[in-house]
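Report on the structure given below.
The values are calculated or read from the model by the stated rules, or taken from the named source; none is laboratory data. Everything quoted here is computed from the prediction, not taken from an experiment. Positions of Cβ are backbone-derived with ideal geometry, glycine not excepted, and every protein chain shown enters the neighbour counts. Note: accessible area is taken over every heavy atom of the protein model, side chains too, but ligands, DNA and RNA are not part of it. Shrake-Rupley method; radii C 1.70, N 1.55, O 1.52, S 1.80 Å.
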Amino acid sequence: MRPEDKITEVKGIGDKTAATFGKVGVETVYDLIHYYPRNYKVYEQPVSVSSLSEGDRAAVFCRIVSGVAVTRGRRFTIVTLSAADDSGSVKMLWYNMPFLRNVLHKGEMYVFVGAIKIQGASRVMEMPEYYTQFNYQKMLSTMQPVYPLVKGLTNNMVTKAMRAVVDVIKSTEDYAPEEMRQEYGLTPVSDAIMAIHFPETRENLIKAVERLAFDEFFHFILNVYKLKEKNIKLINTHIISEDAISRLNGFEAGLGFQLTAGQKNAARDIISDMSSDHVMNRLIQGDVGSGKTVVAEEALFITAVSGYQGAMMVPTEVLAEQHFKELTERFKPYKLKVGLLTGSLGAKERRLVYERLKSGEIDIVVGTHALITDKVEYKNLGLVITDEQHRFGVKQREKLALKGEHPHVLVMSATPIPRTLAIILYADLDISVIKELPAGRKKIKNCVVGTDYRPSAYAFIRKEVLSGHQAYIICPMVEESEAVDAENVINYTDELSTVLGNNIKVEYLHGRMKESEKTEIMERFNNREIDVLVSTTVIEVGINNPNATVMMIENAERFGLAQLHQLRGRVGRGDAQSYCIFINVKKSDESMERLKVLEESNDGFHIASEDLRLRGPGEFFGIRQSGDLAFRVADIYSHADILKNAQEAAIKYGGILSDE
Ligand code: ADP
Ligand code: MG
């Protein structure tokens, strides 16, 4: 077998399984061996039931002491049973696994592994894994990879496939010459890939992650520099007219607020780039809520008034819809036509948008990835913008630009990165930073609390809602899969509705919903038809509802601080006082200390670097990363030194030119 072979060549993978792998982008053996786990499970010695406290993930060795009950809920089938050891009992609960009735029986003994919830006087383990004592012994103290999964793809399928390609992994050739490996202390690539799929010790796993992070950075940097070399020579054929620039004053007067100094500087940089001899390639970096959208609008405005088209690409349909609405309003007085292009448009509507883009009837288009599909053609594309750049790859950014003849490029990001790293990662871009938040914003009030605070939090949310505001709740996550997370959100919503009462409208949002459903929910939330929105982290990027004043985050300890900061950024966007409640389910000192950072600071840079300091390099498992800059294993904060090495190596061995 060779890396370039289709995965149907792998023993045990037929067409149907191959199609499932296709959903996660795995088509060849090469893709498969580079499909990395997102986490590892460590199986530890079972503990006694009475020693469990809320939030612990633990193994217990118990006898099933009740019958196995199957009840049909409104949305799922629920299987429950009671299990006990000498010290106490615990209720086990599974969603949508009715077959367990035929697997588990009263009197049998199993090791159950899962996270503990305390409900009143009883303990509950939701969706526990179960093993016979014999099988559990075999796994004890090993690290089991947990792969990112989609519907139909199980962890077992990936693990099995990976075992079948061990020979290919072992014979992977290393692109890095011996000398380069020596210089930067790189584990051979074949060892690294072996270790990431089949880790033996924590130490060799960390080495493996470091090697693969290095590779990701190295290739990323090579691409960025290639782009830079290409861009630097491009002549500006979309010169902004004097008229357009002078009409900006009127546009600004219509905003209803004063631009901050940072926004003004960014706008000035853009105008100067777009009137220069060369094409603009600029990054606007500004913390959440700093007001990047209006800067993008100014760029779109001068583009359209000068007679060119502008396109703005965003990572989610919900966000596309939001921007579309705002832009339509803003540009109405100027008779500029705004279009929307997303994946969930009907075929007829979509064709219409294609036609109107090609004819030039649409001046400004907002959309998702749908903007870079082959069908889309423009009449005269002068500016492309990617919002929330960290959610896209360099390739996608480039693809959007290729839709025109060397249009100006503007990218926007809220990822707080120190300047030294930004210069490497965005080497092909000039950078404008918006440092301050708009004036008049009240500082968000934060609190980090335990689960016993929940009733007070709900009472508080109730009070805020009754005074006309809205709230978000980020739901607890069950780590196993997106499907379970979704179910969890639904249950939480049901329970919360009961607690808050009839006159408060609670709805939910999760990643498994259809795009059109998500958009509808967001629309209703923005129109204040929904008071409390329970959601997974899908609302993390870009959402703007200035009337929302409370953000409550369950299981805050499971997130990286940078991501929590992004989530918190959904409130505090208007004039009213806003609040963020972090529920720290696992009340360890460590998680308390980490979360305290958020209580003390609202500064994205500071938070990201503290996160790194408190976690320490290598402490990245078990905490959800925010997927910054679309890296799979690399983390720009904890691998900052590796990033610098990779840049040096790219200059030395990759043939790119240094800036000096
Ligand atoms: P982000 O930088 O996170 O994308 P947005 O562009 O969504 O932030 O702006 C957040 C909110 O702040 C929006 O409601 C926007 O209208 C408002 N806003 C932007 N600039 C200003 C300003 N200079 N003064 C007051 N409000 C502003
Ligand atoms: Mg934004």
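Please report the spacing between the Cα centers of region 543-585 and region 102-162 in Å, no decimals.
Cα centroid to Cα centroid, the span is 32 Å.
Looking at region 284-380 only, what percent of DSSP beta bridges run antiparallel? Nearest 5 please.
Details: 0 of 8 bridges.
For region 284-380, the DSSP antiparallel bridge percentage is about 0.
Which cross-chain or sequence-distant (5 or more) residues have an amide H under 5 Å from the amide H of residue 312, H modelled 1.01 Å from N in plane?
The list, which skips near neighbours in sequence, is 365, 366, 367, 385.
Seen from all sides and averaged, what is the projected area of the convex hull of the Cα atoms in the chain, in nm²? Don't skip to the end; give the middle numbers.
Working: hull surface 121.4 nm².
Mean projected area of the Cα convex hull: 30.4 nm².
Given the options 90, 556, 221, identify the residue whose Cα lies farthest towards the positive end of the charge dipole of the chain (+1 on Cβ of Lys, Arg; -1 on Cβ of Asp, Glu).
Most positive-ward Cα: 90.
If we sort 78-90, 390-402 on the protection proxy, mean other Cβ atoms within 10 Å, highest first, what's the order?
Ranked from most to least packed, the peptides come out as 390-402, 78-90.
Using θ = phi - 60° and the Karplus curve 6.51 cos²θ - 1.76 cosθ + 1.60, what whole-Hz ³J(HN,Hα) does each residue of region 286-302 get, with Gly and Pro shown as x?
Listing the rounded values in order: x, 4, 3, x, 6, x, 6, 4, 5, 5, 4, 4, 5, 4, 5, 4, 5 Hz.
Could you state the angle between the C-alpha long axis of helix 261-274 and the longest principal axis of the C-alpha atoms of the chain, as a value from 0 to 90 degrees rounded to the nearest 10?
Roughly 60 degrees, rounded to the nearest 10.
I need the Debye-formula profile for region 139-249: one equal scatterer per C-alpha, no solvent, reported as log10 I(q)/I(0) at q = 0.10, 0.13, 0.17, 0.19 1/Å, two decimals.
-0.51, -0.68, -0.96, -1.11
Using only alpha carbon positions, build the gyration tensor of region 251-358, then give the equivalent ellipsoid semi-axes as the square roots of 5 times its eigenvalues, largest first, whole angstrom. Mind showing how you got there, number by number?
Values: eigenvalues 125, 55, 42 Å².
Value: 25, 17, 14 Å, ordered largest first.
Could you list, bin by bin from short to long, the percent of Cα-Cα pairs of region 1-76 in 10 Å steps?
Final binned percentages: 14, 24, 17, 26, 18, 1.
Helix 640-652 sits at what angle to the longest principal axis of the chain, using alpha carbons and giving 0 to 90 degrees rounded to 10?
In the chain, helix 640-652 runs at an angle near 50 degrees to the longest axis.
Just the accessible area for residue 149, please: 1.4 Å probe, Å², rounded to the nearest 10?
60
What is the distance in Å between the Cα centres of region 308-368 and region 395-467?
That distance is 23 Å.
With labels modelled as points extended 7 Å from the Cα through the Cβ direction, what inter-label distance (nm, one decimal) is found for residue 102 paired with residue 223?
4.7
Grab the other residues whose beta carbon is less than 9 angstrom from that of residue 190, score K and R as +1, D and E as -1, and report the net.
On the way: positive: 170; negative: 173, 174, 191.
Neighbourhood net charge equals -2.
Return one number: the angle in degrees, 0 to 90 and rounded to the nearest 10, between the long axis of the Cα atoms of helix 202-232 and the longest principal axis of the Cα atoms of the chain.
It works out to around 10 degrees.
With a Förster radius of 60 Å, plug the Cβ-Cβ distance of residue 237 and residue 86 into 1/(1 + (r/R0)^6) and report the FRET value to the nearest 0.05. Intermediate values should be presented prior to the final figure.
On the way: r = 80 Å, r/R0 = 1.33.
According to the calculation, E is roughly 0.15.
Considering amide H positions built from the backbone, and no H for Pro or chain starts, which residues 5 or more places from residue 345, or on another chain, come under 5 Å of its amide H?
Under 5 Å from the amide H of residue 345: no residue qualifies.
Which of the three applies to region 564-612, rounded, prolate or oblate, going by the alpha-carbon gyration tensor with a ≥ b ≥ c and a/c under 1.5 meaning rounded? Spell out each step's value before the answer.
Working: a/c = 2.66, a/b = 1.47, b/c = 1.81.
Cα axes put region 564-612 in the oblate bin.
Using only the alpha carbons of region 374-462, what is the convex hull's orientation-averaged projected area in square nanometres?
Values: hull surface 43.6 nm².
That works out to 10.9 nm².
Under the Karplus relation 6.51 cos²θ - 1.76 cosθ + 1.60, θ = phi - 60°, what is the ordered set of whole-Hz ³J(HN,Hα) values for region 488-495, x standing for Gly and Pro?
Couplings: 4, 4, 5, 4, 4, 4, 4, 5 Hz.
Which value in deg cm²/dmol, rounded to the nearest 500, describes the helix-derived mean residue ellipticity at 222 nm for the chain, given -39,500 (n - 2.57) per DSSP H run of n ≥ 4 and division by the residue count?
Roughly -12000 deg cm²/dmol at 222 nm, from the helical runs in the chain.
Binning at 10 Å from 0, report for region 428-477 what percent of all alpha-carbon pair distances ends up in each bin.
In order of increasing distance, the bins hold 16, 35, 24, 18, 7, 0 percent.
What percent does the relative contact order of region 199-305 come to when contacts are Cα pairs within less than 8 Å and at least six residues apart?
Relative contact order here is 34 percent.
Search the structure for amide H atoms under 5 Å from the amide H of residue 40, placed 1.01 Å from N in the peptide plane, and list their residues when 5 or more places away or on another chain.
Those qualifying (amide H under 5 Å, at least 5 residues apart or on another chain) are 146, 622.
Output ³J(HN,Hα) for region 344-361: one whole-Hz value per residue in order, computed from phi by the Karplus curve 6.51 cos²θ - 1.76 cosθ + 1.60 with θ = phi - 60°, and x for Gly and Pro.
9, 5, x, 4, 5, 4, 4, 4, 4, 4, 4, 4, 6, 6, 5, 7, x, 5
Write down the percent of antiparallel bridges among all DSSP beta bridges whose residues are both part of the chain, to the nearest 5.
Working: 34 of 88 bridges.
If we restrict to bridges inside the chain, about 40 percent are antiparallel.
Take the alpha carbon atoms of region 151-190, find their radius of gyration, then divide it by 2.2 N^0.38 Å using N residues; give the quotient. Working shown, then result.
On the way: Rg = 14.8 Å, N = 40, 2.2 N^0.38 = 8.9 Å.
Normalised by 2.2 N^0.38 Å, the Cα Rg of region 151-190 equals 1.66.
First check a/c for region 203-276, with a ≥ b ≥ c the square roots of the eigenvalues of its C-alpha gyration tensor; if it is under 1.5, answer rounded, and if not, answer prolate when a/b is larger than b/c or oblate otherwise. Walk me through the numbers before you get to the answer.
Working: a/c = 5.98, a/b = 2.03, b/c = 2.94.
Judged from the Cα gyration tensor, region 203-276 comes out oblate (a/c at least 1.5, b/c at or above a/b).
So for region 492-569, what percent of the C-alpha to C-alpha distances run longer than 16 Å?
On the way: 1601 of 3003 pairs.
When every Cα pair of region 492-569 is considered, 53 percent fall beyond 16 Å.
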